[in-house]
Amino acid sequence: MLDYRTETFLTVCKTLNFTTAAKQLNITQPAVSQHIHFLEKQYNTILFNYKNKELSLTSTGEILYKHLLTMKNNEQALKNELDNITSNIETLSIGVTMTIGEYAIVDKLANFIQNHPEINIHLHYGNTSNLLELLDHGQISMAIVEGNYPKENYSHKKYSTEDYVAVCVTSHQFNKEPHTIHDLVSEHLLVREEGSGTRNILEQSLIAHGLHISNFTHYTQVENMHTIMNLLKKDCGISFLYKIAVEKELKSKELKEITLDDFKLQHDFDIIWEKESIYADKYLSISEEFI
């Protein structure tokens with residue numbers, strides 16, 4: 001079991017403030033300092049830097065944080081497994097982004113539930129940034145994400161490869177027929193919130209063309225995919241999103257794809273889990289059932 005000094009270290013890593021960590025742990029600030037000094041002596045390294053009144057992890061501190069957090073998550077997962085044996089019910093927590101949860105997983109999730117009636121599924125929705133945080137802190141076991149993430153920090157398996165397209169309502173009238181992504185900057189852009197995988201892919205693509213979201217004359221930020229879809233149908237602007245999310249509307253011709261000469265993009269949806277998890281083989285087996 002991890003001891004109280006490890007818990008102190010992990011809390012300081014999360015808060016990057018000794019006073020805040022002390023309040024969360026209900027101990028004194030000198031006690032927090034003592035716990036950190038003990039670990040620094042034990043590992044013969046400096047774990048934190050303090051500069052310009054800001055606390056930050058050293059490179060060795062980051063390594064220790066990563067491994068101790070994994071150990072803590074493994075310990076909690078092991079406890080859950082033992083509880084499952086007692087109750088004879090297994091629980092699996094999976095995080096999904098809005099696009100994946102609404103448009104890309106339902107059929108495969110249904111098959112998994114039917115094939116594993118002994119497993120209770122907890123499905124968590126969040127943007128890519130939220131899901132990575134939940135995964136890092138052991139609050140979910142796996143996640144299926146659509147955005148960019150630090151692949152070196154996670155074990156992963158490709159779920160699918162999806163087209164990423166520009167769309168608008170079929171009746172939308174352009175002042176000038178667009179041929180490149182630069183031709184769209186005068187349009188009203190409907191965009192997801194920061195931290196969303198859908199937005200992250202757009203931002204990276206715009207950078208590659210020397211653009212940013214701020215280059216669009218007008219834009220509306222929306223945290224819900226369904227709202228964006230409804231605003232598109234009411235001709236409130238254009239948007240960039242995964243084609244799988246609008247296949248129905250494209251087929252019915254409610255919406256249309258904006259074909260551009262310089263914008264043809266695909267991106268992978270990935271199933272990810274903690275890299276050093278003691279349940280890595282299990283998560284790999286589960287991910288293969290979803291593919």
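Taking segment 254-276 on its own, how many of its residues are of a type in the set (Lys, Arg) and modelled with pLDDT of 95 or more? Steps first, answer last, please.
Start the filter on segment 254-276 by keeping residues that are of a type in the set (Lys, Arg), which leaves 256, 264, 275.
Those still in the list that are modelled with pLDDT of 95 or more too: 256.
Total meeting the criteria: 1.
For segment 225-255, residues that are in a loop (DSSP other than H, G, I, E, B) and either among the charged types (D, E, K, R) or open to solvent by less than 20 Å² (accessible area, probe 1.4 Å) (or both) total 6. Just wondering, is there one or more residues in segment 2-12 that are among the aromatic types (Phe, Trp, Tyr), out of contact with any strand residue (DSSP E or B) (no Cβ under 8 Å at 6 or more places or on another chain), on the phi < 0 side of the Ramachandran plot and touching a residue at least 24 places away in the same chain (Cβ under 8 Å)? Yes, segment 2-12 has at least one match. Filtering segment 23-42 to residues that are open to solvent by 70 Å² or more (accessible area, probe 1.4 Å), at negative phi and within 32 Å of the chain's Cα centre (by Cα) leaves Lys23, Gln24.
Of the helices (runs of 4 or more DSSP H) that lie entirely inside segment 28-108, those containing 3 or more residues that are touching a residue at least 60 places away in the same chain (Cβ under 8 Å) span 59-87, 98-103.
Based on what the data block shows, is Glu146 among the charged types (D, E, K, R), touching a His at 6+ places or on another chain (Cβ under 9 Å) and under 25 Å from Leu123 (Cβ atoms)?
So Glu146 passes the test.
Output the residue which, of all residues in segment 259-271 that are touching a Phe, Trp or Tyr at 6+ places or on another chain (Cβ under 9 Å) and open to solvent by less than 10 Å² (accessible area, probe 1.4 Å), is farthest from Leu211 (Cα to Cα). Among those that are touching a Phe, Trp or Tyr at 6+ places or on another chain (Cβ under 9 Å) and open to solvent by less than 10 Å² (accessible area, probe 1.4 Å), it is Ile271. Tell me yes or no: at least one residue of segment 203-212 is under 20 Å from Val246 (Cβ atoms), open to solvent by less than 20 Å² (accessible area, probe 1.4 Å), polar (S, T, N, Q) and in contact with a strand residue (DSSP E or B) (Cβ under 7 Å, 6 or more places away or on another chain). Yes, because at least one residue in segment 203-212 is under 20 Å from Val246 (Cβ atoms), open to solvent by less than 20 Å² (accessible area, probe 1.4 Å), polar (S, T, N, Q) and in contact with a strand residue (DSSP E or B) (Cβ under 7 Å, 6 or more places away or on another chain).
Out of Gly138, Gly95, one residue alone is at pLDDT below 90, touching a helix residue (DSSP H, G or I) at 6+ places or on another chain (Cβ under 6 Å) and open to solvent by less than 80 Å² (accessible area, probe 1.4 Å). It is Gly138.
Of a type outside the set (D, E, K, R) and open to solvent by less than 10 Å² (accessible area, probe 1.4 Å): which single residue out of Val191, Val222 fits that description? Even if it seems obvious, please write down each step before you answer.
Numbers: Val222 fails: open to solvent by less than 10 Å² (accessible area, probe 1.4 Å).
Of the residues listed, the single one that is of a type outside the set (D, E, K, R) and open to solvent by less than 10 Å² (accessible area, probe 1.4 Å) is Val191.
Take the conditions (1) closer than 30 Å to Val222 by Cβ; (2) open to solvent by 40 Å² or more (accessible area, probe 1.4 Å); (3) not basic (Lys, Arg); Glu62 misses just one of them, which is (1).
The values are calculated or read from the model by the stated rules, or taken from the named source; none is laboratory data. The model shown is predicted, which means the values in this text are computed figures rather than measured ones. All Cβ positions, even for glycine, are placed from backbone atoms using ideal geometry, and neighbour counts span all protein chains on display. Only protein heavy atoms, including side chains, enter the accessible area calculation; ligands, DNA and RNA are left aside. Shrake-Rupley method; radii C 1.70, N 1.55, O 1.52, S 1.80 Å.
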